[in-house]
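Here's the structure, in structure tokens; my notes come after.
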Amino acid sequence: MSQASREIPAAGPPIVELEGVTKRFPGVTANDSVSLAIRPGEVHVLLGENGAGKSTLIGMLSGLQQPDEGRIKVDGQPVVIRSPRHALSLGIGTVFQHAMLVPTLTVAENLLLGGPWWQRPRKDALRAEVDALAGSLGMKVDLDSIAAELSLGEQQQVEILRALLRNSRILILDESTSMLTPAGIEELGGLMRRLVERGLAIVFITHKLREAARFGDRITVLKLGRKVGEVAPDRFRSLDEDALIADVVEMMFGRRSGDPEETARQTHVVEAGARPLLSVKNLRLKPGATSPGLQSISFDLHAGELLGIAGIDGNGQKQLAEVLAGQIASEGGSVLLDGAPVERLSVGARRDAGLRYLSDDRLGEGTVGSFPITLNLLLKQIGQPPYWRGGFERNSEIERHAVEKIRDYDVRTPSERTPIGRLSGGNIQKVLLARELADGAKVVIFNKPTYGLDLANTLATRDRIREIAARGKGVLLISTDLEELLQLCDRIAVMAGGALVGTVENEPGARAQVGRLMIGVAA
Amino acid sequence: MSAQVTSGAASLSPAGGGGSAALRRFGLAVGPVLAALALAGLLLAALGVNPFEYYGYVLQRGLFSPSGIQQTLTRMAPLLCIAAGLIVAFRAGIWNLGVDGQFLLGAVTAAAAAPFLVTLMPVWLAWLVTFVLAMLVAMAWSLAPALLKAYQGVNEIITTLMMTFLGTSLANVLVKLVFLDPGTTVPQTRTLPVEDRLPRLFDTTISGGLVLGLIAIVAVHIMMTRTDFGLKLRVVGANPNAAIHAGLPVPWLTVVVFALSAGLAGLAGAVDIIGVQGNVRADWNPAYGLTVIPMVFLARFNGFAAIIYVLLLSVLSIGGESAARRLGVPNHFTLVLVATVLIVLAIAEYIDHRYQQARRA
């Protein structure tokens, strides 16, 4: 802790500023022209769902990644943060979501790592420094315990201490509360307050609104890579917790004025007594290490209907899609497709029966990036005639099929033989649409179909989804973008903790209702 | 690794990047070999051997003399079968490094079965049954790594390597204790009479096994690049998640790949025994697998390129043996040469990668 940093008055000039920072990954724009300032004496909350671009932003601040456009200023000077070591030397310390301590070393050894290799580790100096620092901050740190034996909260304290020992002026805490007990979260909140009182700047990343409201001074809301709003400290202080949360919910899920995505929705009326196209009853899956599993999911989907599944990412939506598609076996429950049970069928048989699944992980599982478009279009039909005869592939048929689909779905590509991994996200999505909507589709499951797409492709994809429903197919639309669901769906079911916690008819007022269900405030 | 595999596969399709890309690929395949020859030449010079004399001798004895070329082509037979087995596995993203154990068990099976079977049935049928037996035994030896990989996700590099150590030892035990020829004092199996071995090609000493080897590798190449089954294996190799998403039975395909790969290694053993060796002596382990693996990598898992590299390896090992005796260079210098090629290839790959990145940026 340097003497100088303590003298900086609260809310002085920003230490770090981001100006129009954009970062793209193949097929995804992770940060789209984001600007924000990080000031001393403030807990700056970065709020957003998974995929909102928080991690990428931290990656750029901590020197792991470089922005494609825009610049980062430190103390008013534009700087290229070359590496994590460089970031540390600029005073930017990061505590990552998962502990980064060497589990077999003691706390003291962990704190001494990264010192100059030609010097003997200075344990005694460290002890004095840590005692002073920890004492004044009310932290309890035992330098001689083995890192692996500490609780997650204690490990985090060690990491914070490590950042402070390197004279950090900015402390970035990435989803630091996600592994902590409620008491640990309170403790961390108190520690953050004491740190900012000494003139530090803290960037606190979370997707939990309550924590943001309790511990923050300023909130920046990110959504799909874009900054959609900011609550400045004076406004922050003038609101009580519930009003503040309402404010932020509005930013996260609210309507933007002059929204180019805005279109009129045509309501679809389901005939009373009609047999549902897809009927899911008591579908169950055990919780996994990182997923909540499925808790007795039941719903009906009718022909021509668009049913949305809303929820914060990671509440079992992907598992639901994969169980329905047959990629993972359920632990019970039934799935009727057009009246016929499909829950015991293989992925291929379900597809043949008309159940189609568009994965959100377009390059990870939807396609084989190094394979040409021709083969990716047929990835789920390998060996089927007329493209294969007697086991041998028939190039002319395969190519004709690809040329046709490329034309019908307006895929922009140099050639049908281009490896699909070279295409943009929007064009990969078009190939996937072409593959999944091919003849015989009855029910189509979309998982985050517009995630990472630019506006034009987003609109084109949504048009395609509407068109599918209009042709009398059933659409299950999983999305974390409430705006998208409100525009497209007839009904919106909300998923939390692996269960459907409520279904809302898409009528005026649905927005607020769904928003509340999503964040678990109250039904 | 998988990117390499599939870029190799993509290049087989007619429409590609055009002439300059083809030239680049050719340069990447041949350049490292030439550079490695030059580097190894410097090493020879440092040892006090004239590198031109050495290479000349290798070429002379391995390629240009009638007996040399015949020996070289005969040596290729088992190597090609092994290469075929490796291509199946590597293209499917499975690193079967246990081919030597599978080869030896196939060889011992063949050496035990063939002399016995030829007394019972027509010789062609005896060969056929021997081949099938050798393949089955080798497949059985790969079953443990296959099941562990398919259903438990256990790393097959570790398991196949461990099984190869066990396999070579088991082969030895079988030779010394079970299939011992009572008629000789040296521990070895009974010997298949020369007239019952695979026919020689035309009027040469080249073993007919060469034809089998060529058929095996070409068949594997066509299977992997042209058939639906091969495509399924390539999908599993290039992106296992996509394979699951597309509904492919990944565990089952994994077991099949192991069986094919090991079966071809076992076939290699049988081809070497029935074609050339006639018996298995105790402690015999030519370690063909370990020398073929680099060749298959150099060939980018392409069957036709693998034929050329296997030929190169055979020339080097046959010619190298003579040159070593004649010029006093250690016999293992062939391995040094192969290793140099691999290192230079890795460097060339790295430089090319950086160059491509720089060009795109």
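The values are calculated or read from the model by the stated rules, or taken from the named source; none is laboratory data. Not measured: the values here are computed from a predicted model. Heads up, the Cβs are rebuilt from the backbone with ideal geometry, glycines too, and the neighbour counts pull from every protein chain shown.
Please go through the stretch A:402-428 and give me each residue that is within 8 Å of chain B (Cβ to nearest Cβ) and more than 18 Å from B:GLY237 (Cα to Cα), ordered by number.
Matches in the stretch A:402-428: A:SER415, A:ARG417.
Restricting the first residue to the stretch A:101-124 and requiring it to be touching a residue at least 24 places away in the same chain (Cβ under 8 Å) and more than 18 Å from A:MET139 (Cβ to Cβ), which pairs with a second residue that is of a type in the set (A, V, I, L, M) and assigned to a strand (DSSP E or B) meet a Cβ separation below 9 Å and a spacing of at least six or different chains?
The qualifying pairs are A:PRO103/A:ILE146; A:THR104/A:ILE146; A:LEU105/A:ILE146.
Given the residues A:ALA470, A:ALA434, which is the only one that is more than 22 Å from A:VAL228 (Cβ to Cβ) and surrounded by fewer than 19 Cβ atoms within 10 Å (Cβ to Cβ)?
A:ALA470
Would the stretch A:444-459 turn up any residue that is in contact (Cβ under 8 Å) with a residue 40 or more places away in the chain, surrounded by fewer than 21 Cβ atoms within 10 Å (Cβ to Cβ) and among the basic types (Lys, Arg)?
no
Looking only at the stretch A:384-396, filter to residues that are surrounded by 15 or more Cβ atoms within 10 Å (Cβ to Cβ) and facing chain B (nearest Cβ under 7 Å); which one of those is farthest from B:ARG226 (Cα to Cα)?
Here the residue is A:TRP388.
I need the full set of residues from the stretch A:469-492 which are touching a helix residue (DSSP H, G or I) at 6+ places or on another chain (Cβ under 9 Å) and among the aliphatic types (A, V, I, L, M), in order please.
A:ALA469, A:VAL475, A:LEU476, A:LEU477, A:ILE478, A:LEU482, A:LEU485, A:LEU486, A:LEU488, A:ILE492
What number of residues in the stretch B:162-201 are within 18 Å of B:LEU105 (Cβ to Cβ) and crowded, with 17+ Cβ neighbours inside 10 Å?
Total meeting the criteria: 13.
Looking only at residues that are under 12 Å from the mean Cα position of the chain (by Cα) and aromatic (Phe, Trp, Tyr) in the stretch B:294-309, which one is surrounded by the fewest Cβ atoms within 10 Å (Cβ to Cβ)?
So the residue we want is B:PHE297.
Among (1) buried (at least 18 other Cβ atoms within 10 Å of the Cβ); (2) within 14 Å of chain B (Cβ to nearest Cβ); (3) among the hydrophobic types (A, V, I, L, M, F, W, C); (4) under 29 Å from the mean Cα position of the chain (by Cα), which single condition is A:ALA329 missing?
(1)
Restricted to the stretch A:360-383, and to residues that are in a loop (DSSP other than H, G, I, E, B) and more than 8 Å from chain B (Cβ to nearest Cβ), which residue is modelled with the highest pLDDT?
A:LEU378
Yes/no per residue for (1) among the charged types (D, E, K, R); (2) under 23 Å from B:ALA242 (Cα atoms); (3) in contact with a strand residue (DSSP E or B) (Cβ under 7 Å, 6 or more places away or on another chain):
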| site | (1), (2), (3) |
| --- | --- |
| A:LEU277 | no, no, yes |
| A:GLN295 | no, no, yes |
| A:ASP300 | yes, no, yes |
| A:GLY314 | no, yes, no |
| A:ALA329 | no, yes, no |
| A:ARG344 | yes, yes, no |
| A:GLY348 | no, yes, no |
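Do we have A:GLU399 as assigned to a loop (DSSP other than H, G, I, E, B) and within 11 Å of another protein chain (Cβ to nearest Cβ) here?
Judged against the criteria, A:GLU399 is not a match.
Counting just the residues of the stretch A:10-27 that are surrounded by fewer than 21 Cβ atoms within 10 Å (Cβ to Cβ) and within 19 Å of A:GLY425 (Cβ to Cβ), which one comes out modelled with the highest pLDDT?
If we take residues in the stretch A:10-27 being surrounded by fewer than 21 Cβ atoms within 10 Å (Cβ to Cβ) and within 19 Å of A:GLY425 (Cβ to Cβ), then A:THR22 is modelled with the highest pLDDT.
Across the stretch B:242-253, what is the number of residues that are farther than 12 Å from B:VAL88 by Cβ and in a helix (DSSP H, G or I)?
7
Every residue in the stretch A:213-234 that is on the phi > 0 side of the Ramachandran plot and of a type in the set (A, V, I, L, M), please.
Of everything in the stretch A:213-234, just one residue is on the phi > 0 side of the Ramachandran plot and of a type in the set (A, V, I, L, M), namely A:LEU224.
Specify the residue that is nearest to the other protein chains (Cβ to nearest Cβ); the eligible residues are those in the stretch A:340-359 that are in a loop (DSSP other than H, G, I, E, B) and surrounded by fewer than 17 Cβ atoms within 10 Å (Cβ to Cβ).
My answer is A:SER346.
Do any residues in the stretch A:185-205 that are within 9 Å of A:GLU42 (Cα to Cα) and touching a residue at least 12 places away in the same chain (Cβ under 8 Å) have Cβ atoms under 6 Å from those of residues that are assigned to a helix (DSSP H, G or I) and among the hydroxyl-bearing types (Ser, Thr, Tyr), where the two are at least six apart or on different chains, and which pairs are they?
A:GLY199/A:SER5
Being closer than 30 Å to A:GLU404 by Cα and either in contact (Cβ under 8 Å) with a residue 12 or more places away in the chain or away from chain B (no Cβ under 14 Å) (or both) narrows it down to one of A:LEU337, A:LEU301, so name that one.
Matching residue, one of A:LEU337, A:LEU301: A:LEU337.
Take the conditions surrounded by fewer than 20 Cβ atoms within 10 Å (Cβ to Cβ) and either within 27 Å of the chain's Cα centre (by Cα) or closer than 21 Å to A:ARG351 by Cα (or both) and apply them to A:ALA441. Does it pass?
Spelling it out, A:ALA441 is indeed surrounded by fewer than 20 Cβ atoms within 10 Å (Cβ to Cβ) and either within 27 Å of the chain's Cα centre (by Cα) or closer than 21 Å to A:ARG351 by Cα (or both).
Of the conditions (1) closer than 13 Å to A:ALA310 by Cβ; (2) surrounded by fewer than 24 Cβ atoms within 10 Å (Cβ to Cβ), A:VAL494 fails just one. Which one is it?
(2)
Do you know which of the residues in the stretch B:247-263 that are among the small types (Gly, Ala, Ser) and more than 10 Å from chain A (Cβ to nearest Cβ) is nearest to B:ALA89 (Cα to Cα)?
B:SER261
In the stretch B:233-246, what residues are buried (at least 22 other Cβ atoms within 10 Å of the Cβ), of a type outside the set (A, V, I, L, M, F, W, C) and within 7 Å of chain A (Cβ to nearest Cβ)?
B:ASN239, B:HIS245
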